[in-house]
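Okay, so here's the structure we're looking at.
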Amino acid sequence: MNRFVRMMAVIGTTAFLPAAHATTLAPLTHDQMVDAADLIVEGTVLSVNTMVDEHGHVWTQARVRVEQSLKGGAAIGKTVLVESAGGVLSDGRAIDVHLAPRYDQEERVLLYLVSRRFGAAYGTVGMMMGKFTIKQNPADGSDMVVRFTLPYAREYDARFLPNPPAAARVSLASMEVAVETRVAEGWDGAPIPGVSAAHLREINKLQPGVK
């Protein structure tokens with residue numbers, strides 16, 4: 001598990017690229033990401049669209065078919081709507097938001113999701129921190145996870161995401177084990193930035209001694 005944490009740290013520090021608007025995010029451990037998520041799912045992106053809400057805010061919406069549920073009990077075959085801030089408008093203008101995750105049709109993803117808009121849509125834990133692309137490890141053909149994003153001003157094609165260095169590659173199987181282990185252990189009672197203790201109690205099993 002220590003090796004897994006070190007590899008996650010490498011992925012986290014190499015994946016952040018500049019965009020138009022600065023955003024500051026509190027760093028989260030993998031256990032905190034699991035604890036903070038309402039749902040953790042693997043799936044395939046069916047469609048990606050940009051919309052403008054009633055307040056004039058621009059959002060990219062990805063509709064994802066759930067193929068495996070690791071936390072939260074999402075039904076296999078169900079679709080979930082995942083929103084990220086920013087997007088490309090119909091006139092071609094790119095509205096960039098630093099650290100917003102990007103999506104591509106037919107992209108395979110592992111998502112750590114938090115409920116938004118009364119459950120009608122979800123966001124990702126820690127913006128791009130909660131979104132991984134599942135792709136083949138060129139060394140052995142197994143599934144690995146890659147965390148990577150680009151400003152909306154640049155074309156995003158999930159087929160051509162760069163591979164992490166060999167020593168920093170994280171297998172999908174190890175991520176699944178890490179999620180399932182933490183879900184089974186439960187929340188340890190430690191605060192998580194941006195998430196209320198009441199909500200953490202609601203969505204997690206509690207470790208012994210946590211009130």
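Every read-out reported here was derived from the displayed coordinates using simple, explicitly stated rules and does not represent laboratory data. Everything numeric here is computed off the predicted structure, so don't read it as measured data. In this analysis, Cβ positions are derived from the backbone assuming ideal geometry, glycine residues included, and neighbour counts consider all displayed protein chains.
All of Y112, Y103 fail the test of being at negative phi, in contact with a Gly (Cβ under 7 Å, 6 or more places away or on another chain) and either surrounded by fewer than 17 Cβ atoms within 10 Å (Cβ to Cβ) or of a type outside the set (S, T, N, Q) (or both), apart from Y112. Applying the set (1) in a helix (DSSP H, G or I); (2) buried (at least 22 other Cβ atoms within 10 Å of the Cβ) to A173 leaves exactly one unmet item: (2). A single entry from A184, A190 fulfils the requirement of being surrounded by fewer than 17 Cβ atoms within 10 Å (Cβ to Cβ), among the small types (G, A, S) and outside any loop (DSSP other than H, G, I, E, B): A184. Summed over the stretch 41-76, residues that are in contact (Cβ under 8 Å) with a residue 12 or more places away in the chain, within 30 Å of W187 (Cα to Cα) and either in contact with a Cys (Cβ under 8 Å, 6 or more places away or on another chain) or of a type in the set (A, V, I, L, M) (or both) total 7. Restricting the stretch 193-205 to residues that are outside any helix (DSSP H, G or I) and surrounded by 14 or more Cβ atoms within 10 Å (Cβ to Cβ) leaves a set whose member that is nearest to the chain's Cα centre (by Cα) is V195. In the stretch 121-147, the qualifying residues are those that are surrounded by fewer than 22 Cβ atoms within 10 Å (Cβ to Cβ) and in contact (Cβ under 8 Å) with a residue 60 or more places away in the chain, and the one that is nearest to the chain's Cα centre (by Cα) is M127. For the stretch 148-164, the tally of residues that are over 18 Å from the mean Cα position of the chain (by Cα) and either of a type in the set (A, V, I, L, M) or surrounded by 11 or more Cβ atoms within 10 Å (Cβ to Cβ) (or both) stands at 2. Residues that are without any contact (Cβ under 8 Å) to a residue 60 or more places away in the chain and touching a Lys or Arg at 6+ places or on another chain (Cβ under 7 Å) within the stretch 148-157 comprise just one, Y156.
Scanning the stretch 166-204 for residues that are farther than 30 Å from S142 by Cβ and among the basic types (K, R) gives a single hit, R201. For the stretch 84-98, the criterion of being surrounded by 23 or more Cβ atoms within 10 Å (Cβ to Cβ) and touching a Leu at 6+ places or on another chain (Cβ under 9 Å) is met by none of the residues. Residues that are basic (K, R) and surrounded by fewer than 17 Cβ atoms within 10 Å (Cβ to Cβ) were ranked within the stretch 64-83; the one that is farthest from T50 (Cα to Cα) is K78.
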